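One structure below.
Quick note: the coordinates plus some simple rules give every number you see, no bench work behind them. None of these values were measured; they are calculated from a predicted model. Using ideal geometry, Cβ is built from the backbone for each residue, glycine included, and neighbour counts are taken over all protein chains shown.
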Amino acid sequence: SKHCVKLDNTTANVTVKPFKLDMGLQFELHVTVSGKKINVSEIPELPIAKDWMRDKLELHFYKTEQAAGGGEIENVAYNKGSGTAVITFLKPG
C-alpha cells in the first residue's frame, strides 16, 4: 500500500487507502436521432462535474454499439446550463 513517486527532482512517499464511492445515479434522457448526430435533451442537473457527465454520455452511447445503435464517438458537446448534449459519431448509422 506504500509507493514512492518521483516528480521532477522530488520524491514523494504515498500511501494508498480505500475509499467508498457514492451510489450510481439513474436518470431518463430524451433523444432525437439523425444520421451522424444525436441530440439529447432534458439531462437532469446532477452534483457531478461537467467532464464526468460528458464522459458518462460518451460511454453510454459508445456502449450501445453492441445493442445496434451506438458506435465510436467523435465528439460530445454537453451544455450543463440547458441540460442538452449533441453526440457526434465517427460514422453515420
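Once the Cβ-Cβ distance of A77 and V16 is raised to the sixth power relative to R0 = 25 Å, the FRET efficiency obtained is 0.10. Scalar couplings 3J(HN,Hα) for segment 11-18, obtained by applying the Karplus form with A = 6.51, B = -1.76, C = 1.60 to θ = phi - 60°, are 10, 10, 8, 10, 10, 8, 10, x Hz; x denotes Gly and Pro. One decimal place: the segment T88-K36 gains 18.1 nm when fully extended, by the rule 0.36 nm per residue minus the C-alpha distance. In the structure shown, the pairs K36/K63; K63/K91; K17/K56 are assessed against 23 Å; a Cα-Cα span above that value is assigned to K17/K56.
Can you list, largest first and rounded to whole Å, the semi-axes you get for segment 37-89 by taking the square root of 5 times each eigenvalue of its Cα gyration tensor?
19, 11, 9
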